[in-house]
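Beneath this line is the structure, given in C-alpha cells, with notes to follow.
All of the numbers you see were taken from the coordinates with simple rules; none came from a lab. Predicted, not measured: the structure shown is a model, and the values here were computed from it. All Cβ positions, glycine included, derive from the backbone under ideal geometry; neighbour counts span all protein chains shown.
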Amino acid sequence: MEDSTVDARPTVPGAMEYDYTNFYFGSGSDAFALLEPFDDWWREVKPSGYYLYELPLHSVPGTRVDVEDTKTGEMRRGLVNFASYNYLGLSYRPEVKQAIKDAVDIYGGGSSGSPILSGTTALHTQLAEEVAAFKGKEAALIFPTGYSANVGTIAGLMRSGDLIVADQFAHASVVDGMILSKAKSRFFRHNRVDDLEKKLKGFDGKKLVIIEGVYSMDGDVPPLAEIVEVCRKYGARLMIDEAHSAFVYGETGKGVVEDQGFDDEVDIHLGTFSKSLGGQGGYTAGTHKLINYLRGFSRSRVFSCALSPVVVAGILKALELARNEPELRTQLWDNVAYMQRLLADAGVPIGDSTSQVIPIMVRDDARCLQMCEDVFREGVYINPVRYPAVGKHKSRFRMSISAAHSKEELEEGAAAIVRVLQRYGICP
C-alpha cells in the first residue's frame, strides 16, 4: 500500500537549489558573460529569501530593532534583535553618543586623509595608546576596518617563500591577507593541533600560525595551550584574531588569551571595535618593533582613509565603559548561559558554541532562507548564513547575544525560533 502521508513542511522554489557556486566560473572570453544568467537567477531568488540580506534598519542596533521589509514595503517594528554584534550594548549608550557629538564640533565628519599623511588626529593617537594599555602591549596600530587589519598585518609581515598556517575556519580577511602576502599558505583542520603540527613539520623558514579567539560562525574557541606548545616546538610566530572575543573574555576583558592564561605567549594580537565596543575599525597590538614595521608595510592602512574622528571618539568612550563596568561582561555571560539552556531544552542544534555567538544549525541550504523569513515574520531579526560564508550543507542562523538583552526578550526570541524550526522538522 502506498503511503498517503503528506509532507506538510514548506517547500522552496527550484531556483533556491542553486547558489553563488553555480556562477563562479563561466566559459567564453567576455568578463561580463556571467552577469546575465546571474541576474536572471537573482531576480527569481531575491524575493524568495535573498532579500533578507541588506535589510535597512531604522533604529539603533539595540535588543529590539525597526527593520524595513523590502519584500512587502512594511516597517517591522520592535523585532527581537539577534543579528547585531554589539555584545556589550555600548554603541547607543548616552555617554557614547555624547562623545560622538562633542567630536563633531571639533573635527567635523571625516578624517580626509590617510593615517600616514593628514588623517591622524589626537583622538587616533589616544586610541592607539589606550588599546595598547588595555591589551598590556607596548604599542598598537589602528586600522579603518577589521578586514584591513588582518589583510594589512599578514601581507605586511609575510613574504614569498614564507609559510602561513591558519585554522580552516579563519575569517575571509585572514585568507585574503595570506593570498596577498604571496607566502605558502596551508590550513589545518579546525582546532586540530595534530594537523597543525603536520603542516609545520619539515618547513625550514619563516612561519606564522593564525587562529581566532572565537570562531565567528561556530562560536567555539581554540585550544591555546596545545597550539602555543606546537608553535614553540617549530619556531613559528603566533597571531590571534580576537574580533569576537576581545573586551568580553577574560577577567579584565583582554580576550581569550587572558581567559586561557597565554597572553604573553601570543606574538600578534588583532581585534576589532565593531563587535564588543559597537563601533568600527580594527587594531593590531604587539611590540614596538612589530608595530613600527607594520606602520610602513601595511598597505591596507597606508592607502586607506583613516577612521572618522567622530567614530574614534565613540570607541574611546565605549572602551572606557567596558573597562569600568565589568558587570557588563557578567551580564553577557548570564544571558549566553540562559539562551543556551532555552535552545538545548527545545532540542535546537547549536553545535559546539561556548560563546555569545550561537549557531542554530539548519543544515538545509535550499530552505535556510525561507526558514529565516518565517522567523522574521514571527518577530525576530537574525542572520541566515549559507555558502560561501560556511561550507555546503552547513547552513545556519547566527545568533548574537548582548549583555543588554532582557530575559523576556531572550525567551520571546527563542520561542519564535523554536516554532519555526519545528514546522520544518529541524527540532522536535
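For the reader, a short list of remarks on this structure follows.
- For the chain, the Rg and Dmax computed from alpha carbons only, in angstrom: 22.5, 80
- Angle between the chain longest axis and helix 35-45 axis [Cα atoms, degrees, rounded to 10]: 60 degrees
- Share antiparallel - DSSP beta bridges, the chain, percent rounded to 5: 55 percent
- A helix-only calculation puts the chain at -11500 deg cm²/dmol for mean residue ellipticity at 222 nm, using -39500 (n - 2.57) for each DSSP H run of at least four residues, averaged over all residues.
- Under 5 Å between amide hydrogens, built in the peptide plane, is the criterion, and for Gly282 it picks out Phe143, Thr145, Gly146, Phe273 among residues at least 5 positions away or on other chains.
- Per-peptide average of other Cβ atoms within 10 Å, ordering 355-362, 136-143 highest first: 355-362, 136-143
- Each other residue within a Cβ distance under 12 Å of Phe23 adds +1 if Lys or Arg and -1 if Asp or Glu, for a net charge of -4.
- The range 308-428: Rg to Rh, with Rh as the Kirkwood radius over Cα pairs: 1.04
- Nonlocal amide H pairs with Leu238, under 5 Å, H built at 1.01 Å: Val209, Asp267, Ile268
- Averaging Cα coordinates gives a centre for the range 181-200 and one for the range 345-421; these two points are 30 Å apart.
- Centre-to-centre, using Cα atoms only, the range 52-77 and the range 269-296 are separated by 32 Å.
- Of all aspartates and glutamates in the structure, those lying under 16 Å Cα to Cα from Lys317, and not within fewer than 8 positions of it along the same chain, are Glu95, Asp102, Glu129, Glu130, Glu325.
- Remark: the range 215-230, residue by residue, has Karplus-estimated 3J(HN,Hα) of 6, 5, 9, 10, x, 9, 10, x, x, 4, 4, 5, 5, 4, 4, 5 Hz, where x stands for each Gly or Pro and the curve is 6.51 cos²θ - 1.76 cosθ + 1.60 at θ = phi - 60°.
- Packing-based order for 325-331, 218-224, using average beta carbon neighbours within 10 Å, highest first: 218-224, 325-331
- Antiparallel DSSP beta bridges within the range 94-324, percent to nearest 5: 35 percent
- Enclosing the Cα atoms of the range 94-324 in their convex hull gives a volume equal to 107 cubic angstrom per residue.
- You can think of it this way: the chain between Glu95 and Gln422 has 113.5 nm of extra reach, that is 0.36 nm per residue less the Cα-Cα gap.
- Candidates per trypsin sites (Lys or Arg not before Pro) in the range 194-272, loop by DSSP, up to 14 other Cβ within 10 Å: Lys201
- Restricting the chymotrypsin sites (Phe, Trp or Tyr not before Pro) of the range 259-313 to loop positions (DSSP other than H, G, I, E, B) with no more than 15 neighbouring Cβ atoms within 10 Å leaves Phe303.
- About its Cα centre, the range 94-324 has a charge dipole of approximately 920 debye under the convention of +1 per Lys or Arg Cβ and -1 per Asp or Glu Cβ, with nothing else charged.
- Summary value for the chain: 21 percent relative contact order, contacts being C-alpha pairs under 8 angstrom separated by 6+ residues.
- Computed label-point distance, nm, for sites Phe23 and Asn324 using a 7 Å Cα→Cβ extension: 5.0 nm
- Spatially proximal lysines relative to Lys392 (Cα-Cα < 22 Å; intrachain offsets below 8 disregarded): Lys46
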